[in-house]
Amino acid sequence: MITDLEETPAGEAFQTVTAPPVSPVPANRILALDTLRGIGILGGLFISIWYFGGLNTNQQNGLLLHSKGINYRLWGTVDLLFNGKMRALISIVFGAAMVLFLVRKHHENKLHKSDLFIRRQMWLMAFGLINSLLFLWAGDMLFHLGVMGILLFPFVRLKARALLIAAIITTLIFSAKNYWNYADDRMAYSKFVAVIDFEKKISKDSLLAVQQKIPAREQKKDSLSKQQKDDKSAWEGIINSRKYDPKKNEEGFKETRSASFGKIWNYILPNIQYREAQWTYQTGIWDFAGMILLGMALLKFGFFDVGFPRQKYLLLALTGLAGGLLLGWYRLQYNQYVLQDYTRFIKTNRLPYNLFFPFERGLLALGYVSMVLLMIRSGVLKFLWWAFSRVGQLALTNYLAQSIFCLLYFTGLGMGYFGRLQQYQLYLVAGEICLIQTVFSVIWLKYYNYGPAEWLLRCLVNGKWLPNKMPVTELSGPSAVIS
C-alpha cells in the first residue's frame with residue numbers, strides 16, 4: 001500500500017482550479033478536466049460511428065484507393081483530426097484524474113484511498129465488459145482504462161519529470177511495436193520471394209529435363225515443403241487482407257441487420273475477444289499507457305493550475321497541432337501507397353507508414369488540450385466550455401448511452417441502418433447524438449450531483465447507497481468554468 005500522496009514534496013504540489021464552492025460535490029471537481037473529458041467523449045463518437053454504422057476498414061480502404069471526391073476528403077479530415085486523438089485526450093484526463101483520486105479525501109468510505117481506487121478500477125472493467133458483451137460495442141475502452149489504472153497505479157508517486165520520461169519511453173515502444181509488425185511483414189515477404197525462386201528453379205529443371213528428353217522416372221522430383229507452402233500462403237494472406245473487396249461486407253451487413261441478438265452477438269464476439277484480449281497486451285497497453293502517464297505528468301507540472309502561463313499554453317498548442325498534423329499528413333500519404341501496391345512499398349521502404357502515429361496522436365492531443373485551456377483561461381466561448389464540462393461530468397453515462405443509441409439505431413434489434421448510410425450521414429447521426437447528450441447533461445445536472453452510471457459506480461465502489469439528488473439551492477451555470 002502506498003503512502004498518502006499528500007506527502008508529495010512542496011515543489012510537486014499542485015493547485016486545483018475548481019468551481020465556486022456552492023455545493024460540497026461539484027466543488028471537488030476541476031471543470032477544465034470535465035470540459036476536456038466531454039470533448040473527448042463527443043469527439044470520439046465521430047470515429048466510433050464508422051464502426052457502429054458499417055464504414056469498416058475495407059470500405060475505408062476503398063475510399064483511399066479512390067483518392068478523390070468529397071467522401072475521400074471528408075474521411076481524411078476526420079481521420080486526421082479525430083482518429084486516435086480523442087482516445088489519447090481521454091487517456092490524458094484519466095491520468096490526471098488518477099492522481100487527483102489518490103490525493104483527495106473520500107468521506108463516503110473509511111477504506112484507504114488506494115483500496116478504493118483498485119476497487120473502482122475493477123468495477124470500471126466490469127462496466128467495460130457490459131458495454132462490449134451486452135451493448136455489443138467491440139471498440140470499448142472502459143475495460144482498458146480499468147486495466148491500465150491498475151497497472152500504472154505504482155507510477156502515481158513518481159515526480160513530474162520521471163512521469164514525462166516514462167510517457168516518452170512508452171510512446172517510443174508503441175512506435176517500435178509498429179516497426180516490429182512491419183519487420184514481420186518484410187520477413188514474410190523475403191520468405192515468399194525465396195519460395196518463388198525455388199518454384200522457378202523447379203520449373204526450369206522440369207523444362208530442361210523435357211528438352212533433354214530425360215525419362216520421367218529418372219527426373220528428380222522436387223516440390224514445395226509444408227513450411228514453404230506456409231510461407232507462401234502467409235504473404236498471400238497479408239496481401240489479400242489489404243485488398244479492397246466490395247463484396248466483403250455483405251455477410252457482415254446481413255448478420256448485423258438481423259433481429260436476433262444471438263446472431264449479432266455471435267458475429268461481433270470474435271472482434272470483442274480480439275479487442276479485449278490480444279489487442280490489449282499487444283498494442284493497447286502502449287496505446288493507453290503513454291497518454292495516461294502524460295496526464296499524470298501534466299497535472300504535477302501544474303499544467304491545469306490557474307497560474308500556468310498562457311504563453312506556454314500557446315506554445316504547446318502551436319507545437320502540438322503543427323507537429324501532429326505534419327505527421328498525420330505523412331501517414332495518410334504513405335497509407336495510399338501501401339494500399340495501391342504493398343509489395344512495392346515493402347521493397348522500397350524500410351519504415352512503416354504508421355511508424356510515427358503514436359507521436360502524431362500524442363502531439364495533436366496535447367495541442368487540443370493546450371488550445372482548449374488557453375481559450376478557457378481567456379474567457380472565450382465560456383458557455384461552450386461550460387456545456388462540454390456538463391457532458392464530461394456525465395462521461396460514463398454518455399459513453400454507455402452512445403453504445404445503446406447506436407445498437408438500437410444501426411442493428412436489426414432496432415432500426416437496422418447498419419451499412420445503409422453514406423459517410424456524411426453517419427456524421428449527422430453522430431452530431432445529433434452529441435446534441436442530445438449535451439442537452440441531457442445540462443438538464444440532468446440541474447437536479448442531480450452525478451449521472452446515473454457515475455452514481456451507480458460510486459455506490460458500488462463504496463458498497464453503500466449514496467444520495468444523488470441536488471439540493472434545491474444548488475447553483476450551476478457558465479460562470480462555473482475557470483477564467
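Model label sites at Arg350 and Lys263, defined 7 Å from Cα along the beta-carbon direction, differ in position by 5.3 nm. Ordering Val369, Leu326, Ile268 by the projection of their Cα atoms onto the charge dipole of the range 257-378, which places +1 on the Cβ of Lys and Arg and -1 on the Cβ of Asp and Glu, puts Leu326 at the extreme positive end. Among the listed pairs Lys177/Lys312; Lys113/Lys159; Lys382/Lys469; Lys110/Lys464; Lys191/Lys248, a Cα-Cα separation exceeding 22 Å is found for Lys177/Lys312; Lys382/Lys469; Lys191/Lys248.
With every protein chain in place and a 1.4 angstrom probe, the accessible-area ranking of Asp197, Asp185, largest first, reads Asp197, Asp185.
Computed with every protein chain present, the accessible area of Thr171 is close to 10 Å² [probe 1.4 Å]. A probe of 1.4 angstrom, applied to the heavy atoms of all protein chains, finds Arg120 with accessible area near 70 square angstrom. The accessible surface of the chain, taken with every protein chain in place and a 1.4 Å probe, is 63 percent carbon and sulfur. Couplings for the range 298-314, taken from phi via the Karplus curve 6.51 cos²θ - 1.76 cosθ + 1.60 with θ = phi - 60°, read 4, 4, 6, 6, x, 4, 9, 6, 5, x, 5, x, 5, 4, 5, 4, 4 Hz in order; Gly and Pro are left as x.
The listed residues His66, His144, His112 rank as His66, His112, His144 when sorted by accessible area, largest first, using a 1.4 Å probe.
Of the chymotrypsin sites (Phe, Trp or Tyr not before Pro) found in the range 418-473, the ones in coil according to DSSP and having at most 14 other Cβ atoms within 10 Å of their Cβ are Tyr447, Trp465. Between helix 160-211 and the chain there is an angle of about 10 degrees, using the helix long axis and the longest principal axis of the Cα atoms.
With all protein chains kept in place, the per residue accessible area of the chain amounts to 49 square angstrom at a probe of 1.4 angstrom.
Residues in the range 423-437 carry Karplus couplings, in order, of 4, 5, 5, 4, 5, 5, 4, 4, x, 5, 4, 4, 5, 4, 5 Hz; the curve used is 6.51 cos²θ - 1.76 cosθ + 1.60 with θ = phi - 60°, and Gly or Pro positions show x. Computed on protein heavy atoms with a 1.4 Å probe, the accessible areas place Arg331, Arg257 in the order Arg257, Arg331, largest first.
Annotation: amide H-H contacts under 5 Å for Tyr448 (H modelled 1.01 Å from N, sequence separation of 5 or more, or interchain): Met470.
Ser241 exposes around 70 Å² of accessible area when a 1.4 Å probe is run over every protein chain in place. Candidates Leu400, Ser389, Gln437 compared by Cα position along the dipole of the range 292-438: farthest toward the positive end lies Ser389, with charges placed on Cβ.
The values are calculated or read from the model by the stated rules, or taken from the named source; none is laboratory data. Remember, it's a predicted structure, so these values are computed and weren't measured experimentally. Neighbour counts are summed over all protein chains in view; Cβ atoms, including those assigned to glycine, are modelled from backbone coordinates with ideal geometry. These area figures cover heavy atoms from the full protein model, side chains too; ligands, DNA and RNA do not enter into them. Shrake-Rupley method; radii C 1.70, N 1.55, O 1.52, S 1.80 Å.
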